[in-house]
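Here the structure comes first, spelled out in structure tokens, and everything after it is commentary.
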Amino acid sequence: MIRVKDVTKVYENDGTVTEALSGVTFNVDRGEFVAIVGPSGSGKSTLMHILGALDIPTSGEYILNDSVVQNLSDDRLAEIRNNEIGFIFQSYNLLPRMSALKNVILPMMYAGIGKAERTKRAMEVLKELDLEDKINNAPNQLSGGQRQRVAIARALTMNPSILLADEPTGNLPTLQSDEIISLFEKLNKSGRTVLIITHNDEIAARAQRVITLVDGKIVKDERKRK
Amino acid sequence: MTFLETLEESVSVLKVNRMRTLLSILGIVIGIGSVIALMTLGEATQRSITDRIQSLGANLLTIRPGSQQQGFLKMNSTENTSLKFDDALAIQESPRITTVSDVSAEYSSRSQVSFERNNTNVQVTGVSGNYFEIRNISIEIGSSFGPSASDNYEKVAVLGPTVVEDLFGENANPIGQSVRIGSSTFKVVGVTKSSGTGGFSGSDEAVYVPLTVAQDIIFGKDYVSAVYVVAKDQTVIDAALNQVGFFLLERHSKENVEDADFSITSQEQIIETVSEVTGTFTTLLTGIAAISLVVGGIGIMNIMLVTVTERTREIGLRKSLGAKRKAIVMQFLTESIILTIIGGLIGVLIGLGVSMIITSKMSLPTTISVGSIFLSVGVATVIGILFGWYPARKASKLQPIEALRYE
């Protein structure tokens, strides 16, 4: 479902040219649980942003569910981000002045889902993630783990087939990050494709496949048998 | 996202930055406020002037000597002598003129008026017929004089309140006293009512005497400076104008209207001219006020640009969650429109308040024109769209990942 062919990404900043990705090629099938690892600056995040339709590759091809992403219009990309991909950031990226419930509702508002329906769906997802008593709390009234669960809830409400997580446990203490990892496993078991960038060895150990990036190139692509 | 949801969202954002919201709408408040105040004042002034002219008698026609046709050069700069008292008499007595109910003539010139050691130089007006009724000049103390005064060469005078003050001092009663006008002595019989500021219904600085006395004794002239004709009612004003016009043309042995040695104006014409002048003034002042509205609009644009920069990360996040360009444009546009509409409404209230205070102080009629309120709220909306559009579009064009990285 994800096909990446010879993708490069070049940044130009004040005349200095940085190549974040240089010729990355791989495929991900439906239902896989992939961990992407590598040292900082290896291009993991850049790759994830391209996969999440948040960024466009400089050259090469990214095909998501049979459409060539870099050829799509701005608005079509917005639609893909809205209902085909759930993106989870390291820094949660919740809107600070909105309650947990409203943060979760936001993608459904942009999808044009009616008020009653979207509130119901948000409540369901929040309940599933044990956040039902926190729905009216603002993000700054929640712990890091709770915030990340709100962010995951937000990524799940549109029921995307792909979940992309950029170091989801990077800012969390061990106990809370265990919770989050288990959550991703559960989501993967229910049929979603999950790609996680991580420094956490435990996540990498639990994934079915580990892709290692160094200097913008895939140096290792390892599948485990379960 | 529906419009209502966008609205709700914008209001909640504006509430967070209350102080900034208030300051940024201030420009619009002042702009709309001054436009409303000036428009209302302009309208009130115009109505007040029109009312005053109307009160002089809407049926009044004024005949003045001199040619209607005035080219670049006026050939004769001396006084026009073409209109005589006999013309006024003839109009009144002619059986051919059926639409006129009353006629009065005046001769007016400046002269020295004195009482004991005080003297003043004022406009002395000799009047015939029922001049005081026709010109709607009210008497405060004493009485005016009737048509017989002119016929009988009575040396009586009606003074304006300013003249009384100058000659007799404040609050003095001059009735029965004698004043000197030119070289003759006149008995004061009445004082006119003060016409207030900006009045048209006669001047406070005037002295009225019988026409014959003014012509023969004071000034030694045989012509008049104006003849006033009252049409029977408002529907025959045009007919009266034509009857009197052609009658005088024939009397003065002129063949064409172009050769006429007199001109006739109706009150309506005067109202039109005055309205035009006050209208121009109102437009000019409103135009100046509108400039402040533009400045206010730029203030809104400025604050919206700051807001967009400040909320770059939020915009990036919204886009990463699936917000399309239109949704982002709408969000920021709604914010700026809310700002300008709130500013507009406050401006309307302040503008109306200010104009009410001023009109009541100047005893002008206050009229709240619903049109100007709708207009300014409309203008406020347009300013919101106009000046909010650029920042909103700028926001919508941000690339999600670059916006998210923004520190």
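The values are calculated or read from the model by the stated rules, or taken from the named source; none is laboratory data. Please read these numbers as outputs of a predicted model, since none were measured by experiment. Heads up, the Cβs are rebuilt from the backbone with ideal geometry, glycines too, and the neighbour counts pull from every protein chain shown. Surface accessibility is based on the protein's heavy atoms, side chains included, excluding ligands, DNA and RNA. Shrake-Rupley method; radii C 1.70, N 1.55, O 1.52, S 1.80 Å.
Summary table
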read-out: Ranked order, B:Ser82, B:Ser376, A:Ser190 - accessible area, probe 1.4 Å, largest first; value: A:Ser190, B:Ser82, B:Ser376
read-out: Furthest towards positive pole of dipole, A:Gly191, A:Ser161, A:Asn13, structure part chain A, Cβ charges; value: A:Gly191
read-out: Charge dipole magnitude, Cβ of K and R +1, D and E -1 - the protein assembly as shown, Cα centre, debye nearest 20; value: 3440 debye
read-out: Of every Cα-Cα pair in chain B, the percent that sits beyond 28 Å; value: 63 percent
read-out: Of B:Ile175, B:Pro161, B:Ser253, farthest towards positive along the dipole that unit charges on Lys, Arg, Asp, Glu beta carbons give segment B:130-269; value: B:Ile175
read-out: DSSP-defined beta bridges in the protein assembly as shown - what % are antiparallel, rounded to 5; value: 70 percent
read-out: Out-of-range pairs (alpha-carbon distance over 19 Å; input A:Lys5/A:Lys220; A:Lys5/A:Lys44; B:Lys193/B:Lys221; A:Lys9/A:Lys44; B:Lys155/B:Lys221; A:Lys115/A:Lys189); value: B:Lys193/B:Lys221; A:Lys115/A:Lys189
read-out: Chain B - mean residue ellipticity at 222 nm from DSSP helices (-39,500 (n - 2.57) per run, n ≥ 4, rounded to 500); value: -18000 deg cm²/dmol
read-out: Reach of B:Lys394 by Cα under 24 Å, taken over lysines that are not fewer than 8 positions away in the same chain; value: B:Lys15, B:Lys319, B:Lys324, B:Lys326
read-out: Difference of contour (0.36 nm per residue) and Cα-Cα distance, A:Ala205 to A:Ser161; value: 13.6 nm
read-out: Cβ-defined net charge surrounding A:Tyr11, 13 Å radius [Lys, Arg +1; Asp, Glu -1]; value: -3
read-out: Dipole axis of segment B:187-266 (+1 Lys, Arg; -1 Asp, Glu on Cβ), positive-most option in B:Ile218, B:Val191, B:Ala240; value: B:Val191
read-out: Debye-sum result for the protein assembly as shown in log10 I(q)/I(0), which assumes one identical scatterer on each alpha carbon, at q = 0.07, 0.10, 0.11 Å⁻¹; value: -0.64, -0.94, -1.07
read-out: Potential lengthening between A:Arg76 and A:Ser190 on full extension [0.36 nm per residue; Cα-Cα distance subtracted]; value: 38.3 nm
read-out: DSSP bridge orientation in segment B:67-260 - percent antiparallel, rounded to nearest 5; value: 75 percent
read-out: Extension gain, B:Thr81 back to B:Asn119 (0.36 nm per residue minus Cα-Cα distance, nm); value: 10.7 nm
read-out: Which of A:Ile85, B:Ile341, B:Ile218 is most accessible, then next, and so on - probe 1.4 Å; value: B:Ile341, B:Ile218, A:Ile85
read-out: Cα long-axis angle, helix A:174-189 against chain A (0 to 90 degrees, to the nearest 10); value: 80 degrees
read-out: Nearest-0.05 FRET efficiency for B:Ile141 and B:Val16, computed from C-beta distance (R0 56 Å); value: 0.20
read-out: Whole-angstrom Cα spans of segment A:46-106 along principal axes, big to small; value: 40, 20, 17
read-out: Nonlocal amide H pairs with A:Gly86, under 5 Å, H built at 1.01 Å; value: A:Ile162, A:Leu163, A:Leu164
read-out: Neighbourhood net charge (13 Å Cβ-Cβ; Lys/Arg +1, Asp/Glu -1) for A:Gln90; value: +1
read-out: Net charge, B:Tyr131 excluded, C-beta distance under 12 Å - Lys, Arg +1, Asp, Glu -1; value: -2
